[in-house]
1. To confirm my reading of the symmetry, which residue of chain A has the Cβ nearest the axis that brings A onto C, and what whole-Å distance does it have?
2. As an exercise, use a Förster radius of 30 Å and the Cβ-Cβ distance of C:Asp101 and C:Asp68 to find the FRET efficiency, rounded to the nearest 0.05.
3. For A:Gly120, which inter-copy label distances result when the label point lies 7 Å beyond Cα on the Cα-to-Cβ vector, reported in nm to one decimal and in ascending order?
4. Tell me, what is the FRET efficiency for A:Asp4 and C:Lys84 to the nearest 0.05, using R0 = 25 angstrom and their Cβ-Cβ distance as r?
5. How many angstrom separate the Cα center of the range C:57-127 from the Cα center of the range B:52-70?
6. Given H placed 1.01 Å from N in the peptide plane, which residues other than close sequence neighbours of B:Val87 have an amide H under 5 Å from its amide H?
7. Ordered by residue, what ³J(HN,Hα) values in Hz, to whole numbers, does the range B:24-36 give under the Karplus form 6.51 cos²θ - 1.76 cosθ + 1.60, where θ = phi - 60° and Gly and Pro are x?
8. What aspartates and glutamates could a cross-link reach from C:Lys55, if we take a straight Cα to Cα line under 12 Å and drop same-chain neighbours fewer than 8 places away?
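Only the coordinates and a few stated rules stand behind these numbers; no lab work does. Bear in mind that the values here come from a model prediction, so they are computed numbers and not experimental data. Cβ: placed from backbone, ideal geometry, glycine included. Neighbour counts: every protein chain shown.
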Amino acid sequence: MREDAEGKKVLVIQTHGIDTPRRTYSPLFYAMAAASMDMEVLVWFTMDGTSQLKKGAAEKIKLDPESDVTLRTMLERTKEEGVKLYVCQQSMTLFGMTEEDLLDGVEIMGAATIIDLTLGADVVMYF
Amino acid sequence: MREDAEGKKVLVIQTHGIDTPRRTYSPLFYAMAAASMDMEVLVWFTMDGTSQLKKGAAEKIKLDPESDVTLRTMLERTKEEGVKLYVCQQSMTLFGMTEEDLLDGVEIMGAATIIDLTLGADVVMYF
Amino acid sequence: MREDAEGKKVLVIQTHGIDTPRRTYSPLFYAMAAASMDMEVLVWFTMDGTSQLKKGAAEKIKLDPESDVTLRTMLERTKEEGVKLYVCQQSMTLFGMTEEDLLDGVEIMGAATIIDLTLGADVVMYF
């Protein structure tokens, strides 16, 4: 089925953040897997997912204590694979985050945009 | 992309309830955003999501302590936007809720119905 | 709408496990409902969902203390309905599970496979 995957649009929605570390790596892993299959991939952080993108936060999340890899490493690798990262404007407001708090390379978008993006995507994955 | 959105069917599935207040507002917010784009929107409460719909429960959930807005306010606004609210019959049974416990304006449906609804929807959002 | 359902492919993604018992029964219940509608149904266990499939784990999860039904019963019934169970290879590695730990009748698949499966499914449900 791999050939069909090429060029398809994947939208990964991440609603979980640093309070649930075990829910943070895998969505990025799936995003990278899709990118490696030449799909166009976008991760949308909303609700508690926004907490991952606060400067200084992701460095503190590590699933394997014996590894140097942190959630920050995972986020950087995801960007390096060509995956675009977006954050929900309304969730930032709801949870008291400002644009200055945000990691570089993350774009802010409103809720209406995500509705449009889900309509245009070939696959939407919710985590 | 807005024009494409008009008339499309959106199904929002809410599996979280009053034990996780931070997961309760945003799905309703997305539902309202879709409704304001002239989409046909339906929210399906299942699993712990059913707890939001118990009489007297949503009034006690408030994300911003300085605001008068509660989860109950959000649910009422969602209905006012023309969004239909459904609850899963089997989840009500599993978690010991009866029809008398339910807020007004919420319709009870079985699991087979939700399978049908997902097949007929243009977008399904899981929270 | 039932006739339309027949033969359609449903993929249920379960990311929750034995740490959140109340999130374990319903996804299997939906899978069985879809199977009873003559749909082709597959459940993919990833992230903490993998913990359900560890030998000896599901027997200890019971939602109704007065019933003999455990999560293990639910998993067996789901298989009996013809639903196929898959587990994410990378999640097993991440959470320290080996093939020997797995219940019988569960197939191990990689992340790229799940991307392919989501592309080929008529409905994907995320829990």
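1. A:Tyr126, 2
2. 0.75
3. 2.9, 2.9
4. Working from the Cβ atoms, E equals 0.75.
5. Between the Cα centres of the range C:57-127 and the range B:52-70 lies a distance of 35 Å.
6. B:Phe45, B:Glu107, B:Ile108, B:Met109
7. Result, rounded to whole Hz: 9, 6, 4, x, 5, 4, 5, 4, 5, 4, 5, 4, 5.
8. Cα-Cα hits under 12 Å: C:Glu99, C:Glu100, C:Asp101, C:Asp104.
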